[in-house]
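Notes for the one structure printed next.
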Amino acid sequence: MAASSSSAAAVAAAPIISAERKVVAFIGDEDGVATLRAGLESLADNLDVRRGGLRHAIRFFRTLVPVSACVIDISGEPDPRAELAELAQVCPPEVLVFLVGDNTGIDFYRLLIHELGATDYLPKPLTRDSVQRLLLPRLVGTAVELADFRRGHLVLVCGARGGVGASTIAVNVALQLANSVQGQSVLLDLHLHDGTTAMMLSAKPGPGLRIALESPDRSDGLFIERATLTVESRLRLIAADDASDTAPSITAAGVDQVVELLRQKFNFIVADLPTPIPESVRRLLTVARHVVVVTHPDLPGLRDAKVLRQSVMLAAGTDRAITVLNRANQRGGLSKELVERGLGKPPEVVVPDLGAKMLEAVNLGLPAVQRVPALRRHLQPIVREIASVNTEQAPRRKFMRLFRR
Ligand SMILES: Nc1ncnc2c1ncn2[C@@H]1O[C@H](COP(=O)(O)OP(=O)(O)OP(=O)(O)O)[C@@H](O)[C@H]1O
Ligand SMILES: [Mg+2]
């Protein structure tokens, strides 16, 4: 943008929205394409109108081009629920989704807006006037409506006690999840001093996360995005560097802001939490869709896992915990019966001791699933549980908000 120019002409000629606020549209007919282009002319280079529909939009979002809003023609689709659910998996939560179509029924409108959470629906035929009046103001509005939209799916991973394998589970679940779902995932390491996720992935984080956690007023979506490192095409990592020896002063406000910004950018956020969970991080228990509680088969671990599970229940009002019994067959560990008695119920996931190769993986800076393929099979139930909330339930049975308002 020509924001630095002081001349009125330059300011007037500048596009209304910034380069980060691109709009892409897929319209099924030539007239509609021309009308949309005319109505949104003021967006200039920030507008990209193509012939197409829902299928083209889904394919487009798989390519990871950053946009802030999309307009999609769903004419001729009597029941677009399944395809909209598919779109929701690849379209970042922060993207506004406007739909246009030929169905003028109020039930259809309610379905799209109230049940599926589309930003708005415009009946066809589009006119330049309707585009300018109903669509343009929503596309250039800079205020982010935080209240209603669907944010990314937050998964917390915490050890009942230190050293039980929480970071191992977090890193490898994040990798497997990123390979199983089509959206963007991020692994957030909330240890500021002794985090190990970066080490496990041979990554070198910068100071971004620490700055964002300590001074929430200094960070925004772009700052957070730049603080992330690419692990794989669909997985990023945000972790603190270990450079500073001063004690970090993280506030709950800082944690909330970082998680909120990540939930606007990413479809899935897997967070590795320190044990015990610091006060500034505890509020996340109320926001998380799943809390993975990792324990060993020993008495102190089971006792602490049970307490942690109860905290999740209290904070969330429903049982969102997934208990993982790690190194279940450890020498001297408790039997299956005693573990169940200690936890008050069987663990949802059981991972055996996978031997020295697990430690070797850490020392080589390789994800354990690469070095020990059996781990993949053991983690699959966790990945399935997390992914199915967004993929399997959405299309027909349980409608959930798919998009941001
Ligand atoms: N199922 C397993 N079999 C064998 N080794 C394992 C298994 N799970 C984890 N480990 C090993 O246990 C060690 C500790 O794991 P990890 O660092 O993930 O624990 P943690 O709970 O995150 O520890 P901390 O409390 O220090 O953060 C690592 O060397 C890891 O490779
Ligand atoms: Mg750890």
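The values are calculated or read from the model by the stated rules, or taken from the named source; none is laboratory data. All values derive from a computational prediction rather than experimental measurement. Glycine gets a Cβ as well: all are built from the backbone with ideal geometry, and neighbour counts include every protein chain shown. Only protein heavy atoms, including side chains, enter the accessible area calculation; ligands, DNA and RNA are left aside. Shrake-Rupley method; radii C 1.70, N 1.55, O 1.52, S 1.80 Å.
Would you mind stating whether GLY165 is near ligand 1 (Cβ under 9 Å from one of its atoms) and touching a strand residue (DSSP E or B) at 6+ places or on another chain (Cβ under 9 Å)? In short, yes. Under the condition of being assigned to a loop (DSSP other than H, G, I, E, B) and at pLDDT 95 or above, which residue from region 149-185 is surrounded by the most Cβ atoms within 10 Å (Cβ to Cβ)? Of everything passing the filter in region 149-185, ALA160 is surrounded by the most Cβ atoms within 10 Å (Cβ to Cβ). Hey, can you tell me all the residues within region 69-94 that are crowded, with 20+ Cβ neighbours inside 10 Å and either in a strand (DSSP E or B) or among the hydroxyl-bearing types (Ser, Thr, Tyr) (or both)? Hits for region 69-94 are ALA69, CYS70, VAL71, ILE72, ASP73. Out of curiosity, is LEU359 surrounded by fewer than 16 Cβ atoms within 10 Å (Cβ to Cβ) and within 16 Å of ligand 2 (Cβ to nearest atom)? Yes, satisfied.
Table: residues versus (1) touching a residue at least 24 places away in the same chain (Cβ under 8 Å); (2) open to solvent by 20 Å² or more (accessible area, probe 1.4 Å); (3) part of a strand (DSSP E or B).
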{"residue": "LEU187", "(1), (2), (3)": "yes, no, yes"}
{"residue": "MET199", "(1), (2), (3)": "yes, yes, no"}
{"residue": "PRO205", "(1), (2), (3)": "yes, yes, no"}
{"residue": "LEU209", "(1), (2), (3)": "yes, no, no"}
{"residue": "LEU213", "(1), (2), (3)": "yes, no, no"}
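Checked against (1) within 20 Å of ARG341 (Cα to Cα); (2) surrounded by fewer than 24 Cβ atoms within 10 Å (Cβ to Cβ); (3) under 22 Å from the mean Cα position of the chain (by Cα), VAL293 passes all but a single condition, namely (2).
If you go through region 296-314 and keep only what is open to solvent by 10 Å² or more (accessible area, probe 1.4 Å) and touching a strand residue (DSSP E or B) at 6+ places or on another chain (Cβ under 8 Å), you end up with HIS296, ASP304, LEU308, ARG309, MET313.
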